[in-house]
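Here is the structure we will look at.
The values are calculated or read from the model by the stated rules, or taken from the named source; none is laboratory data. Keep in mind that this is a model prediction, so the values were computed, not measured. We place every Cβ from the backbone using ideal geometry, glycine too, and count neighbours over all the protein chains shown. The accessibility values were calculated without ligands, DNA or RNA, using every heavy atom of the protein model including side chains. Shrake-Rupley method; radii C 1.70, N 1.55, O 1.52, S 1.80 Å.
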Amino acid sequence: MKLALVIGHNTRARGAVRVADGVTEYDWNTNLAEMIKAHDPANIRIFKRQAGLGYSREIDRVYAEVDAWGADCSVELHFNASANSSARGCLMLSSGSKGSLALAEAMQRECLRVLENPDRGVVVRNRHDRGGRSLWQGKAPAILTEPYFGSNRQECMRADASIDQLAEAHYRAVKAWMNAA
């Protein structure tokens with residue numbers, strides 16, 4: 001299994017900011033990625049989007065690196081945010097391909113089991129939808145994760161308290177997907 005973990009956002013555009021502690025998506029998910037990688041360092045690699053290229057070139061470049069490495073799948077790590085601080089839930093984004101859907105469904109099950117957030121399901125995105133370029137650019141099946149809302153203090157606290165289990169859940173989901181493929 002070769003799992004590519006892509007950190008959502010970049011060093012300049014760090015993504016949403018958690019209400020609980022001011023930590024950005026980029027920083028929180030960099031930590032989560034390191035924890036996931038610890039489960040199988042030889043077969044899991046972390047990829048970071050390069051700032052300053054413009055969105056499309058940034059995505060194209062990182063997924064070209066994922067392809068060159070020969071990843072079996074890619075998981076781009078994010079968390080959700082809303083102007084509504086009571087927004088809750090876990091969702092996964094998929095390209096809709098058979099591999100991407102199966103991986104997103106496995107990841108959704110595992111993240112829900114750990115975080116017990118409301119189930120917002122697996123959402124299919126086309127190339128031109130928000131987040132779609134990441135799902136369609138690489139050769140390997142790809143998903144984007146949104147396991148909790150960083151704009152919801154309770155969900156942030158639950159994610160922090162369960163981060164070890166969440167990292168393991170990501171690893172288990174990919175292994176289950178690989179074994180079923």
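Identify which of Ser74, Ser134, Ser151 has the largest mean-square fluctuation in a Gaussian network model of the chain, with springs joining Cα atoms closer than 10 Å.
Ser151
Take the Cα of Glu116, step 7 Å along the line toward its Cβ, and report every residue of the stretch 127-159 whose backbone nitrogen sits under 17 Å from that point.
148-149, 153-159
Can you show me the helix-derived [θ] at 222 nm for the chain, built from DSSP H runs with n ≥ 4 at -39,500 (n - 2.57) apiece and divided by the number of residues, rounded to the nearest 500.
Roughly -13500 deg cm²/dmol at 222 nm, from the helical runs in the chain.
Want the number for Thr11 to Trp69: 0.36 nm per residue separation, take away the alpha-carbon distance, what's left?
The span from Thr11 to Trp69 would gain 18.6 nm if fully extended.
To the nearest 20 Debye, how big is the dipole of the chain about its Cα centre, given +1 on the beta carbon of each Lys and Arg and -1 on that of each Asp and Glu?
420 debye
Given 37 °C and 0.692 mPa s, compute D for the stretch 1-47 with the Stokes-Einstein relation, Rh being the Kirkwood radius over Cα pairs; round to the nearest whole µm²/s.
Answer, rounded: 292 µm²/s.
Let a ≥ b ≥ c be the square roots of the eigenvalues of the Cα gyration tensor of the stretch 35-95; is it rounded (a/c under 1.5), or, if not, prolate (a/b larger than b/c) or oblate?
Because a/c hits 1.5 or more and a/b fails to exceed b/c, the stretch 35-95 counts as oblate.
Could you work out how far the C-alpha centroid of the stretch 117-181 sits from that of the stretch 68-102, in angstrom?
Result: 4 Å between the Cα centres.
Which one, (i) 101; (ii) 121; (iii) 150, gives volume of the Cα convex hull per residue in Å³ as derived from the coordinates shown?
Computed from these coordinates, volume of the Cα convex hull per residue in Å³ corresponds to label (i).
Roughly to the nearest percent, how much of the accessible area of the chain is carbon and sulfur, given a 1.4 Å probe?
Of the solvent-accessible surface of the chain, carbon and sulfur hold 47 percent.
Tell me the per residue accessible area of the stretch 1-142 using a 1.4 Å probe; a whole number in Å² is fine.
Per residue, the stretch 1-142 has an accessible area of 46 Å².
Under 20 Å from a label point 7 Å along Cα→Cβ of Met157: give me every residue in the stretch 1-25 with its amide N that close.
Residues 17-24 qualify, since their backbone N sits under 20 Å from the label point.
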